[in-house]
1. Among the numbered conditions (1) farther than 17 Å from A:Arg184 by Cβ; (2) buried (at least 19 other Cβ atoms within 10 Å of the Cβ); (3) of a type outside the set (A, V, I, L, M); (4) in contact (Cβ under 8 Å) with a residue 60 or more places away in the chain, tell me where A:Thr206 comes up short.
2. Consider A:Leu149 against the criteria (1) open to solvent by 50 Å² or more (accessible area, probe 1.4 Å); (2) under 19 Å from the mean Cα position of the chain (by Cα): it satisfies all of them except one. Which criterion is unmet?
3. What single numbered condition from (1) part of a helix (DSSP H, G or I); (2) more than 7 Å from chain A (Cβ to nearest Cβ) fails to hold for B:Val287?
4. Return a yes/no flag: does the stretch B:122-132 have any residue that is hydroxyl-bearing (Ser, Thr, Tyr) and farther than 22 Å from B:Cys174 by Cβ.
5. Which ones in the stretch A:49-75 are β-branched (Val, Ile, Thr) and within 20 Å of A:Ala99 (Cβ to Cβ)?
6. If a residue has to be at negative phi and not in a helix (DSSP H, G or I) to count, how many in the stretch A:261-284 make the cut?
7. Can you pull out the residues in the stretch B:115-142 that are acidic (Asp, Glu), in a strand (DSSP E or B) and open to solvent by 70 Å² or more (accessible area, probe 1.4 Å)?
8. For the stretch A:202-223, does any single residue satisfy the condition of being part of a helix (DSSP H, G or I), in contact with a strand residue (DSSP E or B) (Cβ under 9 Å, 6 or more places away or on another chain) and hydroxyl-bearing (Ser, Thr, Tyr)?
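The values are calculated or read from the model by the stated rules, or taken from the named source; none is laboratory data. Computed from a predicted structure; not experimentally measured. All Cβ positions, glycine included, derive from the backbone under ideal geometry; neighbour counts span all protein chains shown. Quick note on the areas: whole protein, heavy atoms, side chains included, nothing else; ligands and nucleic acids left out. Shrake-Rupley method; radii C 1.70, N 1.55, O 1.52, S 1.80 Å.
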2 protein chains.
Amino acid sequence: MKLNILLIGSGAVGSYYAARLSQAGARVSVLCRSDYDIVKKQGINVTSVSGDYHFTPEAVISNAGEYGSQADYIIVATKVLPEINVPELIKPAVSPATAIVLLQNGIEIEEPVAAAFTDNEIISAIAFISVHRPEYGIIQHMDYGRIVLGMYPSGTSGKADALARLFRNAGVPCDVNPDIVSARWGKLMWNAPFNPISVLAGGATTAEMVESEPTRKVAVEVMKEIAALAEKAGHPIPVSTIDTIITDTKAMAPSKTSMLQDYERGRPLEVDAILGNTIRIAHRLQVPVPYCESLYGLLSLADSINRVKNRLR
Amino acid sequence: MKLNILLIGSGAVGSYYAARLSQAGARVSVLCRSDYDIVKKQGINVTSVSGDYHFTPEAVISNAGEYGSQADYIIVATKVLPEINVPELIKPAVSPATAIVLLQNGIEIEEPVAAAFTDNEIISAIAFISVHRPEYGIIQHMDYGRIVLGMYPSGTSGKADALARLFRNAGVPCDVNPDIVSARWGKLMWNAPFNPISVLAGGATTAEMVESEPTRKVAVEVMKEIAALAEKAGHPIPVSTIDTIITDTKAMAPSKTSMLQDYERGRPLEVDAILGNTIRIAHRLQVPVPYCESLYGLLSLADSINRVKNRLR
């Protein structure tokens, strides 16, 4: 029996994986906003390092109430922003058997959805991928693509396993991790320092951030704070991780972080998902995080000034 | 007898005060660099809130070796930048009776000059002024103008008193402070947070920095670190100062800091004078300054990226 999947948020990451799941045989519909007309008319074209392909969604809808099927999975791939109310957005399409998959960045981003849908299975998923949407309906897949997913807050399930199998059938490496929150802390170790610093240091590449000694120090101190916090939250991170991250980031081809790309395009930044939630957890657990607080205080203002500029453009 | 004064660095601040000293009857010469031709030809025009006037220097020179008089005072008003070697720049014009006046921003900026000219009197001076140089040879004086000066590292002297009198004769409010290093720490309380944050937060005005709660927190924490450091260095700052600064900054007309203006014009920033020296002092005195370190790590990279961009323009 074919699985029914509804994608919420047709940005680069969501569109790429929805197209892959469709290739694997699922019936994948897409909820679009600003790109509705284009995707409705021409579907989504994916230019990928592993071959180009076209994705015609089962249905293209503009709000979840229009979804005519019973969703086995609703995959939420929107940005995590204060102005996007995910429970409200997906509610009309959620049925008792629906597993809600949060394919998003950040830490503790599952809480509002888990609280709103206490009877539904929540699957938390993180993507390691380099992918862009140069224009509506066109996705460029540059590199990587692995997904790690698991039940939230922990464990695994038939639904999680089935989704992972489907991804793998589509050629997407996918691991099920019964401690997905630990995996999120692990991803935050890179995201929390490098995404904000790239914006705040005046448009810095990955290479510039690790080559400048005083800047690298800021990144390392942020990682130390995240590690201390993760440990106290019950999700310890191996001590060697920081050195590995620095070494790996030095070895990468110099590139712009996704947050810097968003900033340069005048798009809203995931300040709270990456830093705001981290700081709230730190206050709750009484762990001092002055470096995270510095980045947060600067980035929240940079984001708000950037949004105003963009509206005035 | 008329006093001989040589100004080194004909930026906005230096030119303004040199012009005032000339009005008061001193023989003021100016060492210019990129603006040499224009100042040589037409002098300096000052548009001031307290009346416009023209200043014709006694001599306009392009290196200190050309100075033909015995300088009573050499006033150094250059930016404090690693690439500007002040002792080398002024050496040919320094005679045994010359007092060297450092009219510059930052903390511990006197050290290299004091070490190079052990037999000369060093006067340290800080200016509270809003003044710009829209183009070479033209100075716009917007607001304020007070100077505080004193012997470095402490005390007062006939030369310091005479210079203060000359300033006052020219209508410039000028106080002699026998503890000028404490006065520098006091000025750093504003400069260390607000100049860097205005750049790092994506071009923030004074009002935006104090209105945003998480950004204001960064500013306050930086001030707490500076106060702790000043105390340990033997220059305690009253505890009420932080609240006063926040209140005063809220009350100001929203404006761009001088560092933000420099950044937007692609000019080098005084990263070391304001933050680098602060951090070196903190390491020496073993005071933790994570907020200052965060700003320093971000600003040093932002400055270096901005310099490269400017060279490529």
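1. (4)
2. Among (1) open to solvent by 50 Å² or more (accessible area, probe 1.4 Å); (2) under 19 Å from the mean Cα position of the chain (by Cα), the lone unmet condition for A:Leu149 is (1).
3. (1)
4. So far as the stretch B:122-132 goes, no, none of its residues is hydroxyl-bearing (Ser, Thr, Tyr) and farther than 22 Å from B:Cys174 by Cβ.
5. A:Ile61, A:Ile74, A:Ile75
6. 5
7. Start the filter on the stretch B:115-142 by keeping residues that are acidic (Asp, Glu), which leaves B:119, B:121, B:135.
Filter once more, so that each one left must be in a strand (DSSP E or B): B:121, B:135.
Selection gives B:Glu135 alone.
8. no
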